[in-house]
Structures are given as C-alpha cells and as structure tokens.
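These notes concern the structure reproduced below.
Laboratory data are not the source of any read-out in this text; all were calculated from the coordinates shown. In this text the structure is predicted, and so the values were computed from the model without any measurement. So basically every Cβ, Gly included, is an ideal-geometry build from the backbone, and we count neighbours across all protein chains shown.
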Amino acid sequence: MSNVGEIICAPITPNGFSAISVIRLSGKGCIELVAKHFSQSRKLLALSSHRLIFGTFYSESGEAIDEVLISVFREPNSYTGEDCLEISCHGNPNLVYNIIQTLLLSCRMAKPGEFTLRAFLNGKMDLSQAEAVNDLIQAQASKAEKAALMQLKGKLSNYLQELLNRITELRIRFELAIDFADQDLPMPDINLMKQELMDIIKTAEELKSTGEQGIKIREGIKICLTGAPNVGKSSLFNALLQHNRAIVTPHPGTTRDYLEECLSLNGFPIVIYDTAGLREAKDDIEKEGIAKSYELMQRADLILYLVEAKQIANLELELPELIKLSTIPPELQSKTLIVFSKADLMEENSPKISSGIYCSVKKENGLQALTKAILNRLMLSDELLTKPIIINNRHLAALSKCINSLHQADLSLKENLGFEFIAFELISASNALEEILGIITTDDLLDKIFSEFCIGK
Ligand SMILES: Nc1nc2c(ncn2[C@@H]2O[C@H](COP(=O)(O)OP(=O)(O)O)[C@@H](O)[C@H]2O)c(=O)[nH]1
Ligand SMILES: [Mg+2]
C-alpha cells in the first residue's frame, strides 16, 4: 500500500533511446528535492503550477548530467493531487539512470500504479476511473480505447452514483416507514416506493445487459478457425490479419501447430487462432495439433467452422443439419458459425444455402458478409458505446450482487416482511455499487488492482 506523503519517483516513458524521456516525482517536498540538483534552483522553487523551466540537472557531487525541462504541478492540481514534478531529459537510458540514482538519494522508487493509487486515495478519481487508466494504456483496438476513455471520464461513475443515490433515498423512505408504523402515523405511499424499486432494478439491469460484450471489448474476443484440412483456414487467417502470417499451401495438413494473433474488426479487438485441420491424424505432431485445436475451441468466444462452398453446393442441406454433421463437439455447437469458404470457386448459378455466410479471400470485399456476421453473432454494435458500459469482471460481479439484493428486497416486499428487511437488502445493494466506485475497499483489493499497472503510472 502507498504511504501517501513519501516522495516517490519513476521513469514514465519506455526504457530506450528516444527524443526525450520523462521522470515523474510526487509527494510533498519533491520540488525542493529537485531544486537542490537544478541550476535554476530559486526560480524553480518560486514557479507556479503548470509552468515549465529549462536548466541543468546536476548529480550529488555537482557534475552536470543533462539539460532538462521541468514541469511543475502544485497540490491539489496534479495527477496525484500532491505536489508533482516531471523532468524531461534527453532520451538516453543512461541519463535517465543517472538522474534517478541522484533522486533516489532523497526519495524512493514508485511501485507499479502508485501514482494512480495516490490519485485515487486523494480523491482525484474513483476506483473505476483509476482502473480505466490502465485499460486505456493496454487497449488493443479503437472500441476498447473508447470504452476505457468513457470510463475514465466518469460516464460509468456518474451512472452508478445516480443509481446509488436513488437506492439510498429509497432506503431512507423505508426506514422512515418503520418509524411511521411504530408511531401509528399515516403510512407513506408504499406503492410508489415499490414502483421506484422496480425502476431501479430496470436501470441496473440495463447496465448489466451489455456487460458481457463490454468485458469482451476489454479483453479481446477469442475467435477460433477450424474445419477440415485445406478448406482455407490459414488463408482466411491471413486475410483477416491483412498480412501473410500463416503458411498457405494446396497440401492438406500444412498447419500443425496453432497460431495466435490480435487484430481489430471494425474497431473491436479480436484474438484469432488458426488451427490444425480436423481429421484422423497422420502422425504424433498432427495429433497433438488437433488436440490443441479442440482445447482452443473450448476457450473461444466464437468458432468459425469452414466448409468449402463448392462441396456443399449440390447437397440439399440446411445450416442446422450441417452443424450437426460437423466435427464440432455438440456442447460447442451453439457458439459455432458455419462459414462457406472459397465462394469464388462456386459455379455462377449454383444454389446457396439461405442465411449461409459465404466468403472468399480471392475476391474484393469477399470478407464483408463474414465480418458482419461475426459482429452480429457477438452482438457487437457501434451503439454499445453510446451508453455507459461495464468492461471489467470485478464491476460486473459487483453489479450482479447489487441486482440480487434489489430482487431480494422486492421479494421481501411481496412476502410482506418488515421494512427493516427491505432496508437491509437495499444497504447490501448500495455496498455492492460502492465496491465498484471504491467507496468501500480493502488493501488487498487495491494491491491487486494497482499491481497490474506499469511502473510510472
Ligand atoms: N480460390 C480460392 N482458393 C482459396 C481460398 N482460400 C484458400 N484457398 C486455397 O486453398 C488451399 C488451402 O488453403 P489453406 O488456407 O492452406 O487451407 P487450410 O489447410 O484450411 O489452412 C490453398 O491453395 C489456398 O490458396 C479462396 O477463398 N478462394
Ligand atoms: Mg492451415
């Protein structure tokens, strides 16, 4: 846990050669600390917040290390809420090392995420916003960036805070009703309160309804390509990636191990797997590869099962029958999409299976229908990000806990249990939301969240 007040420092740019590198310090006295090693000491001490100053940084023994630009952020108007300072030096790892060694004589190295932890502890942001900082840094596609930025800007926090206020107000009304009953006073309108409870449940469930997609947007959607050898899996893999990553040959059994790559599909982050074709293995390596294919299918969010379009063109089969005939294990069939590959090789007038997804890597726009079908199937639409959305498992679990307590309150009402039971459930519901915002938290949880950050953030 952070010992707020201690001065901490860390490089906040990657280790390597670049135009500049930046070192950040935070904590009361950090400006004075740096001033001791700076040519423009007096000016730096007097500098107002959000100003820059140029000068030379010296080692403890008075040797010039580098010419630097220092930015000053004074409490409370800084990232952490404390006095903060950033030293921009030339982007040479050795200079960064020497400056940090000098600083470490009077302060300590920041732990991963410690600057953001301080921002949270000092009330600059709530816990869900702090988590969004890391999500924004790690985001792999534009929709993931957008979702994290929305959360960082407080769109989710505001929605939850409003929900929290409504639950609290309702609880107070039930608590007052307990006293009314005790004192034989006329009852408040319980029907109105019931209605408000139903509305609150609806609002919470609306948020929960897109949570599963939100988590996929944050973590990446796992798609596994499978099917018989030579149906065009590796070609599709390459086409989706837009570069030739996998080996493609006319020989069945070319791909024996699996390949994993990340890509963005209309801005949604996808982790795609190309696998060994499913057939009776010819040797141990292929056998191992096929076993891996089944393992990946289990873990995938979506399985694309490729069948050559030409091969089924004259079969009178419909999609549900085809999927039953496939080598996909029955328990995985519900997350499988059949894809008809090499559609360019079909004869002009051959009949097409209705609602079948046809694709070709040899035709312009040959992947358009497939892309649309994938996004439809996973319910990933642009509208998802027009409203607040949960993107994190911890938040979704807490929201589910809140909704359970709200339903429990509703049940208690229907069973005419005392209002104190309802008030109790409403407190549990509030507590669950407070966990998301970090109003209620534990050191263990904070350690877990912030240890996933990088040093310097
Ligand atoms: N005409 C045509 N040929 C394709 C298409 N996709 C793949 N192929 C060819 O089919 C053969 C097998 O492809 P490959 O991607 O290695 O199949 P895999 O074994 O399922 O990975 C190669 O000769 C590819 O060039 C397509 O959309 N149209
Ligand atoms: Mg292959």
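Based on the Cβ-Cβ distance of Leu345 and Thr254, what FRET efficiency does E = 1/(1 + (r/R0)^6) give at R0 = 22 Å, to the nearest 0.05?
After rounding to 0.05, the efficiency reads 0.75.
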Of all DSSP beta bridges in region 222-383, what percent run antiparallel (nearest 5)? 30
For Lys448, Lys292, ascending order of other Cβ atoms within 10 Å (fewest first) is Lys448, Lys292
Determine, for each peptide in 293-306, 48-61, 328-341, the mean count of other beta carbons within 10 angstrom over its residues, then list the peptides with the highest first. 293-306, 328-341, 48-61
Going by C-beta contacts inside 10 Å, put Tyr97, Tyr79 in order with the fewest on the left. Tyr97, Tyr79
Which of rounded, prolate, oblate describes the chain, given a ≥ b ≥ c as roots of the alpha-carbon gyration tensor eigenvalues and a/c under 1.5 marking rounded, otherwise prolate only if a/b is larger than b/c? oblate
Quick check on packing: order 143-149, 280-286 by the mean number of other C-beta atoms within 10 Å, highest mean leading. 143-149, 280-286
Here the net charge surrounding Glu280, from other residues whose Cβ is less than 12 Å away from its Cβ (Lys, Arg +1; Asp, Glu -1), is +1
In Hz, Karplus ³J(HN,Hα) per residue of region 249-262 (6.51, -1.76, 1.60; θ = phi - 60°; x = Gly, Pro): 9, x, 8, x, x, 5, 8, 10, 9, 9, 10, 10, 9, 9
Just tell me, in residue order, which DSSP H segments of the chain are both 20 angstrom or longer along the helix axis (alpha-carbon based) and at least 0.0 in mean Kyte-Doolittle hydropathy. 419-437
Hey, what do the phi angles of region 301-310 turn into as Karplus ³J(HN,Hα) couplings, whole Hz, using 6.51/-1.76/1.60 and θ = phi - 60°, x for Gly and Pro? 7, 8, 10, 9, 9, 8, 10, 5, 4, 4
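Which order do peptides 314-325, 236-247 fall in by mean Cβ count within 10 Å, highest first?
236-247, 314-325
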Alpha carbons only, please: Rg and Dmax for region 8-125, in angstrom. 13.3, 40
Shape call, region 222-383: gyration tensor on alpha carbons, a/c limit 1.5: rounded
Bridge type composition, the chain - antiparallel percent by DSSP, nearest 5: 60
Taking only C-alpha pairs under 8 Å that are 6+ residues apart, what is the relative contact order of region 222-383 in percent? 22
Under 19 Å from a point 7 Å along the Cα-to-Cβ line of Leu192: which residues of region 414-450 have their amide N that close? 419, 423
May I ask for the net charge around Leu411, where only other residues with Cβ less than 14 Å from the Cβ of Leu411 are counted and Lys, Arg are +1 while Asp, Glu are -1? -1
Relative contact order %, the chain, counting alpha carbon pairs below 8 Å whose residues are six or more apart: 17
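Please arrange Ser106, Ser350, Ser360 by how many other C-beta atoms lie within 10 Å of their C-beta, fewest to most.
Going from sparsest to densest Cβ surroundings: Ser350, Ser106, Ser360.
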For Tyr358, other-chain or 5+-apart residues with amide H closer than 5 Å (H placed, Pro excluded) are Phe340
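Taking a threshold of 32 Å on the Cα-Cα distance, which of the pairs Lys28/Lys143; Lys124/Lys194; Lys43/Lys155; Lys143/Lys335; Lys292/Lys362 fall above it?
Result: Lys28/Lys143; Lys124/Lys194; Lys43/Lys155 exceed 32 Å.
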